[in-house]
Amino acid sequence: MSGQIHAMITRLLQIRTEGRPNQMATEKIKLIMKGIDPDKYNPNSPDDPSVIARLSTIAKDMEIDIHV
C-alpha cells in the first residue's frame, strides 16, 4: 500500500499542531531535524519500512499514536 508514510506524517502533524496552521512549520522542522522531510512524501510515495519504523519511533517518543 503506497502512501502510508504520507498518512502517518499527516496524522502526526495534525495531532502536534492541534489545528493551528502557524505551528505547522515548527513541527515540520522538528521532523526534518529527526531525519524525515515531510515535503518529500505524497500519497503516491512508495512505502519504505525503515521510514515507517522511524516515524513510529518519533511518534512514540512524542507519546502520540499515529497509526492509521
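Only the coordinates and a few stated rules stand behind these numbers; no lab work does. Note that this is a predicted model, so its numbers are computed, not measured.
Here are a few things to note about the model shown:
- Residues whose amide H comes within less than 5 Å of that of residue 3, counting only those at least five positions distant or on another chain, are 45, 47 (H built at 1.01 Å from N in the peptide plane).
- Whole-Hz Karplus values for segment 42-48 come out as 9, x, 9, 5, x, 7, 10 Hz, taken residue by residue from phi with 6.51 cos²θ - 1.76 cosθ + 1.60 and θ = phi - 60°; glycine and proline positions read x.
- Helix 24-33 and the longest principal axis of the Cα set of the chain meet at an angle near 50°.
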